[in-house]
Protein chains: 2
Amino acid sequence: MMDIAEFQGIIERMYSAKDRKRGSAATFVWLMEEVGELATAIREGTTEEKEGEFADVLAWLATLANVEGIDLAKVIRRKYAGGCPGCGEMVCQCHHEKP
Amino acid sequence: MMDIAEFQGIIERMYSAKDRKRGSAATFVWLMEEVGELATAIREGTTEEKEGEFADVLAWLATLANVEGIDLAKVIRRKYAGGCPGCGEMVCQCHHEKP
């Protein structure tokens with residue numbers, strides 16, 4: 001079990017002093033660096049490398065959400081927990097028809 | 001409350017039939033589109049627009065993790081729940097010293 005709000009709180013406590021000083025734009029650049037590393041891991045990495053990069057991308061997304069004052073658990077619950085935001089169905093009939 | 005594994009399962013049930021056919025590379029492109037929309041929302045969006053884009057990025061990250069067979073809850077718990085992966089401290093003394 002790992003609650004998204006709990007994870008965002010861990011990242012907040014672990015890193016927020018520096019995060020708020022750095023600000024959104026510079027934090028976004030960090031997130032992009034990790035996204036690039038995820039791309040590399042998917043293309044040619046081991047499972048362990050992929051796992052590490054997925055974790056880092058999620059950690060930097062949580063960091064950016066902290067800087068922006070966004071509650072990730074709230075926003076995904078609202079947008080996705082009740083069904084696909086496109087068609088409202090629990091098994092989507094719309095969005096992923098797109099390739 | 002929104003457990004990360006529960007969220008990943010919702011996305012799995014909602015979208016996985018199409019996701020697996022599309023594959024990793026095309027799913028990564030979708031994730032990048034949402035990352036671009038998040039950038040726009042951070043730069044000039046309302047709070048509501050930011051919330052929607054954070055939710056979409058997290059949903060597509062979960063989608064990509066599903067396609068790659070990665071358990072997001074497991075990997076973030078292992079890498080971050082016990083302390084900063086750089087210094088091991090619960091309040092980081094290393095990583096975010098970088099600007």
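Residue B:59 fulfils the conditions (1) within 16 Å of residue A:92 (Cβ to Cβ); (2) free of Cβ contacts under 8 Å to residues at least 24 places away in the same chain; (3) surrounded by 17 or more Cβ atoms within 10 Å (Cβ to Cβ); (4) facing chain A (nearest Cβ under 7 Å) except for a single criterion, (2).
Residues that are in contact with a strand residue (DSSP E or B) (Cβ under 9 Å, 6 or more places away or on another chain) and in contact (Cβ under 8 Å) with a residue 12 or more places away in the chain: does segment B:64-73 have at least one? Talk me through it step by step, then tell me what you get.
Of all residues in segment B:64-73, those in contact with a strand residue (DSSP E or B) (Cβ under 9 Å, 6 or more places away or on another chain) come to B:73.
After this cut, where a residue has to be in contact (Cβ under 8 Å) with a residue 12 or more places away in the chain as well, the list is B:73.
So far as segment B:64-73 goes, yes, one or more of its residues are in contact with a strand residue (DSSP E or B) (Cβ under 9 Å, 6 or more places away or on another chain) and in contact (Cβ under 8 Å) with a residue 12 or more places away in the chain.
Of the helices (runs of 4 or more DSSP H) lying entirely inside chain B, those carrying at least 3 residues that are out of contact with any Phe, Trp or Tyr (no Cβ under 7 Å at 6 or more places or on another chain) are B:4-44, B:47-68. For the criterion of being farther than 19 Å from residue A:40 by Cβ, surrounded by 13 or more Cβ atoms within 10 Å (Cβ to Cβ) and either touching a strand residue (DSSP E or B) at 6+ places or on another chain (Cβ under 7 Å) or without any contact (Cβ under 8 Å) to a residue 12 or more places away in the chain (or both), residue B:36 fails.
Report the residue count in segment A:12-33 for those that are more than 7 Å from chain B (Cβ to nearest Cβ) and touching a residue at least 40 places away in the same chain (Cβ under 8 Å). I'd like the intermediate steps shown before the answer.
Let us first name the residues in segment A:12-33 that are more than 7 Å from chain B (Cβ to nearest Cβ), namely A:12, A:16-17, A:20-21, A:23, A:25, A:27, A:29-33.
When the remaining residues are screened for being touching a residue at least 40 places away in the same chain (Cβ under 8 Å), the result is A:12, A:16, A:20, A:23, A:27.
Residues in segment A:12-33 being more than 7 Å from chain B (Cβ to nearest Cβ) and touching a residue at least 40 places away in the same chain (Cβ under 8 Å): 5 in total.
Residues of segment B:49-66 include none that is on the phi > 0 side of the Ramachandran plot and modelled with pLDDT of 95 or more.
Given the criterion of a type outside the set (Gly, Ala, Ser) and in contact with an Asp or Glu (Cβ under 6 Å, 6 or more places away or on another chain), identify the matching residue among B:12, B:34, B:6, B:49. Steps first, please.
Values: B:12 fails: in contact with an Asp or Glu (Cβ under 6 Å, 6 or more places away or on another chain); B:6 fails: in contact with an Asp or Glu (Cβ under 6 Å, 6 or more places away or on another chain); B:49 fails: in contact with an Asp or Glu (Cβ under 6 Å, 6 or more places away or on another chain).
The match here is B:34.
Selection of segment A:5-15 for residues being surrounded by fewer than 21 Cβ atoms within 10 Å (Cβ to Cβ) and over 16 Å from the mean Cα position of the chain (by Cα) yields only A:13.
Can you say whether residue B:44 is modelled with pLDDT of 95 or more and either surrounded by 21 or more Cβ atoms within 10 Å (Cβ to Cβ) or touching a helix residue (DSSP H, G or I) at 6+ places or on another chain (Cβ under 7 Å) (or both), as far as the supplied structure shows? Walk me through how you get there before you give the answer.
Working: modelled with pLDDT of 95 or more: yes; either surrounded by 21 or more Cβ atoms within 10 Å (Cβ to Cβ) or touching a helix residue (DSSP H, G or I) at 6+ places or on another chain (Cβ under 7 Å) (or both): no.
No; evaluated as a whole, the condition is false for this residue.
Return a yes/no flag: does segment B:40-49 have any residue that is of a type in the set (A, V, I, L, M) and either within 7 Å of chain A (Cβ to nearest Cβ) or under 21 Å from residue A:59 (Cβ atoms) (or both). Looking for residues that are of a type in the set (A, V, I, L, M) and either within 7 Å of chain A (Cβ to nearest Cβ) or under 21 Å from residue A:59 (Cβ atoms) (or both), one finds at least one in segment B:40-49, hence yes.
The values are calculated or read from the model by the stated rules, or taken from the named source; none is laboratory data. Quantities reported herein were computed from a predicted structural model and do not represent experimental measurements. Counting neighbours? That spans all protein chains shown, and the Cβs are built from the backbone with ideal geometry, glycine included.
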